[in-house]
Amino acid sequence: MNKIYIVRHGKTDWNDQRLLQGTTDIKLNEEGIKQAEKLASQIDYSDIDICLCSPLKRTRQTAEILAGNQVKIIYDSMLIERCFGTYEGKPIDFDLTEKQWDYKLNDDFHSIESLHNCLKRAKNFLDKIKKEYPNKTLLIVSHGSFIKALHFNLIGYDENTDFLSFNPQNCVIYEYVID
């Protein structure tokens, strides 16, 4: 059994401008740094064994602030954000967002990572941590869409799931136990 704490990175300028980030490598802004520092002061590190983190700048910065000298960080490309292809850097479009999270449509137009692929990558990551880190408590730092994929893998989903019903916030901890 694993206990996992999942955290979305702190805010970036693109978050504030409501632009799709995807795999574009954006750093934290001042507010994002402060969010991470505030969260770091609230974490009880006594039971966290390791931190797993996406290698993108915004997650690296967040993890470095959160982990400090308390916890070892391992960067894992499986935790990278869902790719939004040619839409990265463009304003968030809610019609597009609905299509991106429609299980039946499984949109991969404009080089977007399909929902099925993102969910499968999240499942593979969860299988990996169960195998490589049995009975460990993990701090995981990743991105909004990938955290959403992890969440629905953990609680279950089907073709009618409303994937837009869960929206991970910046520097908020989500806690799960997995068998």
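Within region 28-51, being aliphatic (A, V, I, L, M), modelled with pLDDT under 95 and in contact with a Ser or Thr (Cβ under 6 Å, 6 or more places away or on another chain) holds for no residue. Looking across region 79-116, the residues that are in contact (Cβ under 8 Å) with a residue 12 or more places away in the chain, assigned to a loop (DSSP other than H, G, I, E, B) and closer than 12 Å to Leu20 by Cα come down to Glu81, Arg82, Cys83, Glu88, Gly89, Lys90, Ile92.
Checking region 63-78 against the condition returns no match, with no residue being touching a residue at least 12 places away in the same chain (Cβ under 8 Å), in contact with a His (Cβ under 8 Å, 6 or more places away or on another chain) and of a type in the set (A, V, I, L, M). Quick one: would you say Leu52 is in contact (Cβ under 8 Å) with a residue 40 or more places away in the chain and in contact with an Asp or Glu (Cβ under 7 Å, 6 or more places away or on another chain)? Taking the combined requirement at face value, the residue satisfies it. Among the residues making up region 31-78, those that are assigned to a helix (DSSP H, G or I) and of a type in the set (Ser, Thr, Tyr) are Tyr45, Ser46, Thr59, Thr62, Ser77.
Report whether or not Asn167 is assigned to a loop (DSSP other than H, G, I, E, B) and on the phi < 0 side of the Ramachandran plot. It is true that Asn167 is assigned to a loop (DSSP other than H, G, I, E, B) and on the phi < 0 side of the Ramachandran plot. Picking from residues in region 61-96 that are crowded, with 16+ Cβ neighbours inside 10 Å and hydroxyl-bearing (Ser, Thr, Tyr), the one that is farthest from Ile50 (Cα to Cα) is Tyr87. What number of residues within region 119-147 satisfy the criterion of being of a type outside the set (A, V, I, L, M), in a helix (DSSP H, G or I) and in contact (Cβ under 8 Å) with a residue 24 or more places away in the chain? Within region 119-147, residues that are of a type outside the set (A, V, I, L, M), in a helix (DSSP H, G or I) and in contact (Cβ under 8 Å) with a residue 24 or more places away in the chain number 9. Residues that are among the hydroxyl-bearing types (Ser, Thr, Tyr) and touching a strand residue (DSSP E or B) at 6+ places or on another chain (Cβ under 7 Å) were ranked within region 145-179; the one that is nearest to Gln42 (Cα to Cα) is Tyr174.
When restricted to residues that are touching a strand residue (DSSP E or B) at 6+ places or on another chain (Cβ under 6 Å) and more than 16 Å from Leu138 (Cβ to Cβ), region 36-72 contains 3.
The values are calculated or read from the model by the stated rules, or taken from the named source; none is laboratory data. Note that the coordinates shown come from a computational prediction; the quantities given were computed from them, not determined experimentally. Cβ atoms come from the backbone with ideal geometry, glycine included; neighbour counts cover every protein chain shown.
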